[in-house]
Amino acid sequence: MIFVNYKTYAEASGERALALTKILEEVARATQIKIIPVVQVIDAETVINSTQLEVWIQHVDPVSYGPYTGWVLPQEVAKSGVRGVFLNHSEHKFPDWNSLSLAVEKCKEASLKTLVFAADINELKQVLTLRPDYLAYEPPELVGSTTTSVSTAKPEIVKEAYEYAKASGIPLIVGAGIHSQEDVRKSLELGAAGVAVATDVVKAQDPKAQLLDLTEGFK
C-alpha cells in the first residue's frame, strides 16, 4: 500500500487535489495496489465525493464537542466520509504524550483508522502501546529528501522497527525520502507493509509516471 501525503502543497490543493486524486485512482486500478490520498481537511469532502479511493486526512485534535475554536474534531471528520488520519507526523507533532494518546482514543471512538508516526525506536515502542491501525517509522531528517531514503540510509532501524511492529501485530509503514521502486522494494524486504510518500509524487513533473514507478517495487 502507498499513502500519498498531499501536505499543503499548491500542487495538491483545491482543484489540483481533485486532479491528483484522479491520477492516484487510475494507478490504483491499473496496478491493483492500494493507494490512499491523505488530503487537507478543507479538501476532504470534495475529494471523497470525486473518488472511490479511501480518503484520509493529515491530522485531528484530541477534543470532543465543545469550546475548541479552530480545532479538528474527529467525530465530524468521520461523518464527512474520511476513513483515517495521520497522527504525530514530524511536521505536526503532538505537544505531549497524553495529547497523542487521547487523539488515538478519540479516533477509535469515531471509527477513524490511525497511522501514528514515530521518529525513532524509542518513540516507536511507545506508540505501539496505543494500538494504532498502522505504525509509521519516519526519521525527520530525511523527510522531503529527493536523494536519500530511509530504506537505504537506515535499513537496520527499519528492520528493528519491523520486529517490534510484528510482535505487536501492527503493520509497519515507512516514509522519508522514498523516491524510487528500489526504495519501495527494499522497504518491503525489510518488513514494511507499505510506504508513505509526499514530495516524490505530489511535486513530480509527471505524478502518474512517478507513482507507476513506485508500484513496480511491489512486484
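Where is the GNM fluctuation largest for the chain (alpha-carbon springs, 10 angstrom cutoff): Ala161, Ala110, Ala118?
Taking springs between Cα atoms under 10 Å, the residue moving most is Ala110.
Filter the cross-link list Lys22/Lys79; Lys125/Lys208; Lys166/Lys203; Lys113/Lys186; Lys22/Lys113 down to pairs whose alpha-carbon distance in this structure exceeds 29 Å. Please report the intermediate quantities before stating the final value.
On the way: Lys22/Lys79 23 Å; Lys125/Lys208 35 Å; Lys166/Lys203 33 Å; Lys113/Lys186 26 Å; Lys22/Lys113 22 Å.
Where the Cα-Cα span goes over 29 Å, the pairs concerned are Lys125/Lys208; Lys166/Lys203.
Hey, can you list the DSSP H helices of the chain whose Cα span along the axis is 24 Å or longer and whose average Kyte-Doolittle score is at least -0.5?
Values: long enough: 15-31 (25 Å, 0.15).
Long hydrophobic helices here: 15-31.
Hey, got the dipole for the stretch 2-218? About the Cα centre, +1 on K and R Cβ, -1 on D and E Cβ, debye to the nearest 20?
Numbers: 20 positive and 28 negative charges, 78 e Å.
Roughly 380 debye, rounded to the nearest 20.
With 10 Å bins from zero, work out the P(r) of the chain over every alpha carbon pair and list the percent per bin.
Over the chain, the share of Cα pairs per 10 Å bin runs 9, 36, 38, 16, 1 percent.
What longest region of the chain stays clear of chymotrypsin sites (Phe, Trp or Tyr not before Pro) that DSSP places outside H, G, I, E and B and that have at most 16 other Cβ atoms within 10 Å?
Numbers: sites that count: Tyr9, Tyr65, Tyr68, Trp71.
The longest such stretch corresponds to 72-219.
With the radius of gyration and the Kirkwood radius both derived from the Cα set of the stretch 1-125, what is their ratio Rg to Rh?
On the way: Rg = 14.7 Å, Rh = 15.1 Å.
Computed over Cα atoms, the ratio is 0.97.
Collect residues whose amide H, placed 1.01 Å from N in the peptide plane, falls under 5 Å from the amide H of His59; neighbours closer than 5 in sequence don't count.
Here Phe86 satisfy the definition.
Using a Gaussian network model of the chain whose springs link C-alpha atoms within less than 10 Å, name the residue from Gln32, Gln181, Gln58 with the highest mean-square fluctuation.
Checking each option, the largest mean-square fluctuation is seen for Gln32.
How high is the relative contact order of the chain, in percent, counting Cα pairs under 8 Å that sit 6 or more residues apart? Can you show the working numbers first?
Details: 443 pairs, mean separation 39.8, N = 219.
Relative contact order comes out at 18 percent.
Rule-based calculations on the coordinates, nothing more; no lab input. Remember, it's a predicted structure, so these values are computed and weren't measured experimentally. Quick reminder, even Gly has a Cβ in these numbers, built from the backbone with ideal geometry, and neighbours come from all protein chains shown.
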